[in-house]
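Accompanying notes for the structure given below.
The values are calculated or read from the model by the stated rules, or taken from the named source; none is laboratory data. What you see is a predicted model, and the numbers here were worked out from it, not measured in a lab. Every residue, glycine as well, gets a Cβ built from its backbone with ideal geometry; the counts of neighbours run over all protein chains shown. These accessible areas exclude ligands, DNA and RNA; they are computed on the full protein's heavy atoms, side chains included. Shrake-Rupley method; radii C 1.70, N 1.55, O 1.52, S 1.80 Å.
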Amino acid sequence: MMSRSQKIFTYFALSIWAFIAIFPIWTLIVNSFKPQKEIFSNPFGLPQTFTLEGYKAVLLKGNFGTYFLNTIYVTVISLALIVFFGSLAAYALAKWNSKASIFLYVFFIAGLMIPIRLGTIDLIRLMQFFSLQDTIWSLIPVYVAMGMPISIFILTAFVKNLPKEMFDAAKVDGASEWHIYLKIVVPLLRPAIATVAIFNMMKIWNDFWFPLVFIRAEESRTVALGVSLLFGQYRTDWTRALSTLSLAAIPILILYILLSREFIKGLTAGAVKG
Amino acid sequence: MSVNIKINNAVKKFGENTVISDISVDIKDKELFTLLGPSGCGKTTLLRMIAGFNTIEGGEFYFNEKKINDMEVSHRNIGMVFQNYAIFPHYSVRQNVEFGLRNRKLDKAVVTEEADKFLKLMQIYEYRDRKPEQLSGGQQQRVALARALVIKPDVLLMDEPLSNLDAKLRLEMRQVIRDVQKEVGITTVYVTHDQEEAMAISDRIAVMDFGVIQHIGTPQEIYHRPSNTFVATFIGRTNFVDAHYLANKKLVEVGEYNFKVDNISLEKNNDVILSVRPEDFLFHEEAKTSLKGVIKDSFFLGLNTHQLVELQHNKQLVEVIRESSLENELPIGEKISLSIKGHKVNLFSKDSKENLVKRS
Ligand SMILES: Nc1ncnc2c1ncn2[C@@H]1O[C@H](COP(=O)(O)OP(=O)(O)OP(=O)(O)O)[C@@H](O)[C@H]1O
Ligand SMILES: [Mg+2]
């Protein structure tokens, strides 16, 4: 049990953390409802003149819808592939004990230490070779490759923690490897899969670099790239930019809330003996 | 189905390390056959070879006439129960039991009916919709047993299924396992390192040490006529006393004391190791030819009292068990006279490897 003073300190620390986390979002949202002038005169308070101009501009003018859909496609497809390949690889690597499997594991994990952007030039050549430039399909393989190391790292650790006898029992019961993967491994890995998904989701959703170097075409832009066009060198329509960003945060919040329940289960799993 | 298991000259190596060098055993149909031995002797390894989880470096394994060396685990039609139950935590009790049936693509009605039958047999029907985490250890092991049996396996394999349970549940579950095994009538290979459990549950026992079978027999045979000194000490308790055998008179001499034995396969006089179970000593007030000793220590265990006696002639310590009495027990330091139930002892050759008593 925590003592009173410990409790006060804990809540104090958590409150500061919550403030740091929430303050920018608050600023983002309130300012998206203010006209440009008020944003500078009253940056943190509630809007005095309430306006929806920014949102109207986003939704009616420009191609925000397209950017938005592109980003959702890229994020969801990439995450699905990361989780699928990551969990398959983790199951195999955790079960298969040999020098080769250790080598492969280390090979995957080594990716954690190498920034993928170092390879940008080669990646551009690769995308040119496959004629994927200017399409969202140029982004997905790069994000999957980017997400693999951490996914394999996390998922392999989880699979290793499952009792081996469970797989043996399933085999004795006539289940194929594929069946064991789908019916035993995946359900038991749900918290870990959610962890991996959350971890990669933000990076992919917010990535600006690869859309910038791979994509010029209007119809293939992502939100991050689209928003950047609103920030001019001399003049920026802040209301519109902030409205765009507020809208862009909605799907990721929904996805986060959906996944976080599983994520928290994963954090507390094993803390209480069933 | 009636299935007997035949293993010829099985060899198992992990890298350079030979864990099982040459094991041959015949397991009869519907028999509860136990592999018993100290930790690390290779029981699990042999069981997993039968199951198909381990590669086989040598020898042949047969279910009836069918050689199974290279058969897939899932095609061997075995049921298996593990020490840690290994039931699927995300499935309900019923789903766990139905798992194997579903893999066999049976009709849905049949699946339900069969699952119900075994849920009831294992007396877990009322818990059928619970998750495993809401069950006690004993109940979880019942689920594991139901799951193993519901697929009507030819062979049931169990690896220390009771060792995660507390002492009381162990007794209860061992009865359950024995009853169900007889009721279903299935050839069963059971692994344990607990000799009492093995004796209570088995039709026959194979005592193993260092990857070699030391003795195969019924619990009675193994207890009364162990094939070597290892088996004699591993099953129950025993005292080894240096003795001499006189072949022409059929006498065993221990110091001044001697007694007659008439089923020894030894043609000439020889030094032997005499093995006497603690309960096979008799106390005497004063007899002419008796084994003299001094009580060194005494442990009262309720029904019985165990006493450590130092033999007068060679200072060896032996353990003696007597039924406790209400009167004062013999005190420490008391000089006593013992005799030995000659028909129950075993004589071993000096190298410990051979029991010299002829089997009847
Ligand atoms: N996968 C493996 N790789 C290498 N050596 C192994 C492996 N599995 C078992 N061994 C070795 O084989 C020997 C027998 O192991 P096994 O698990 O069969 O013992 P056991 O009789 O079941 O013991 P216990 O009662 O402790 O379960 C041990 O010395 C063990 O170290
Ligand atoms: Mg074992």
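In the assembled protein chains, A:R240 presents an accessible area of approximately 60 Å² (probe radius 1.4 Å). Across peptide B:81-88, the mean count of Cβ atoms from other chains lying within 10 Å of each residue's own Cβ comes to 5.
Peptide packing for A:91-98, A:199-206, B:30-37 was compared via the average number of neighbouring C-beta atoms within 10 Å per residue; ordered from the highest value, the list is B:30-37, A:199-206, A:91-98.
Taking every residue in B:153-160 and counting other chain Cβ atoms within 10 Å of its Cβ, the average works out to 1. Segment A:L212..A:F40, full-extension length gain: 59.0 nm, with 0.36 nm per residue of separation and the alpha-carbon distance subtracted. Relative to the longest principal axis of the Cα atoms of chain B, helix B:137-150 runs at roughly 60 degrees. Protein-only accessible surface at a 1.4 angstrom probe places the residues B:K152, B:K105, B:K268 in the order B:K105, B:K268, B:K152, largest first. Can you list the residues of the range B:221-257 with backbone N under 19 Å from a point 7 Å past the Cα of B:D351, pointing along Cα to Cβ? Zone members listed by number: B:227-232, B:243, B:245.
The C-alpha atoms of chain B define a longest principal axis, and helix B:93-103 lies at about 70 degrees to it. With R₀ fixed at 22 Å, the C-beta to C-beta distance from A:M202 to A:T120 puts the FRET efficiency at about 0.60.
Summarising the label geometry, the points placed 7 Å from Cα in the beta-carbon direction at A:L104 and B:A247 lie 6.6 nm from one another. Determine the shape class of chain A: with a ≥ b ≥ c the square roots of the Cα gyration tensor eigenvalues, call it rounded for a/c under 1.5, and otherwise prolate if a/b is greater than b/c, oblate otherwise. Judged from the Cα gyration tensor, chain A comes out oblate (a/c at least 1.5, b/c at or above a/b).
Candidate membrane-span-like segments in chain A, meaning DSSP H helices with Cα atoms spread over at least 30 Å of their own axis and a Kyte-Doolittle mean of 0.5 or above, are A:4-32, A:64-95, A:139-161, A:238-268, with no membrane implied. Protection proxy ranking, highest mean first, for peptides A:12-22, B:13-23, B:114-124: B:114-124, B:13-23, A:12-22, where packing is the per-residue count of other beta-carbon atoms within 10 Å, averaged. Accessible surface ranking for B:E329, B:E113, 1.4 angstrom probe, highest first: B:E113, B:E329.
Between B:M71 and B:T218, residue separation times 0.36 nm minus the direct Cα-Cα distance comes to 49.8 nm. Per residue of A:153-165, other chain Cβ atoms within 10 Å of the residue Cβ number 2 on average.
For the range B:50-200, the carbon plus sulfur part of the accessible surface works out to 44%, probe radius 1.4 Å. Choose one answer from B:K131, B:K168, B:K66: the residue with the largest mean-square fluctuation in a GNM of chain B with alpha-carbon springs under 10 Å. Maximum among the listed residues: B:K168.
Of the residues A:V227, B:L356, A:T239, the one whose Cα sits farthest towards the positive end of the charge dipole of the protein assembly as shown is A:T239 (charges of +1 on Lys and Arg Cβ, -1 on Asp and Glu Cβ, taken about the Cα centre). Along the Cα-to-Cβ line of A:K164, 7 Å from the Cα, sits a label point; which residues in the range A:84-119 have backbone N less than 13 Å from it? So the set is A:94-98. Averaging Cα coordinates gives a centre for the range A:44-109 and one for the range B:181-214; these two points are 55 Å apart. Summing Cβ point charges (Lys, Arg +1; Asp, Glu -1) relative to the Cα centre of the protein assembly as shown gives a dipole of roughly 1860 debye.
Each Lys and Arg Cβ is given +1 and each Asp and Glu Cβ -1; about its Cα centre, the range B:5-231 then shows a dipole of about 540 debye.
Using packing as a proxy for protection, rank B:154-161, B:69-76 so that the peptide with the highest average count of other Cβ atoms within 10 Å comes first.
B:154-161, B:69-76
What percent antiparallel are the DSSP beta bridges of the protein assembly as shown, to the nearest 5? Antiparallel: roughly 75 percent of the beta bridges in the protein assembly as shown. Give, as a single signed number, the net charge of other residues whose beta carbon lies under 12 Å from the beta carbon of A:A94, with Lys and Arg counted +1 and Asp and Glu -1. Local net charge: +3.
Restricting to DSSP loop positions (anything but H, G, I, E, B) with no more than 16 other Cβ atoms inside 10 Å of their own Cβ, which GluC sites (Glu not before Pro) remain in the range B:211-313?
Qualifying residues, ordered by number: B:E256, B:E267, B:E285, B:E286.
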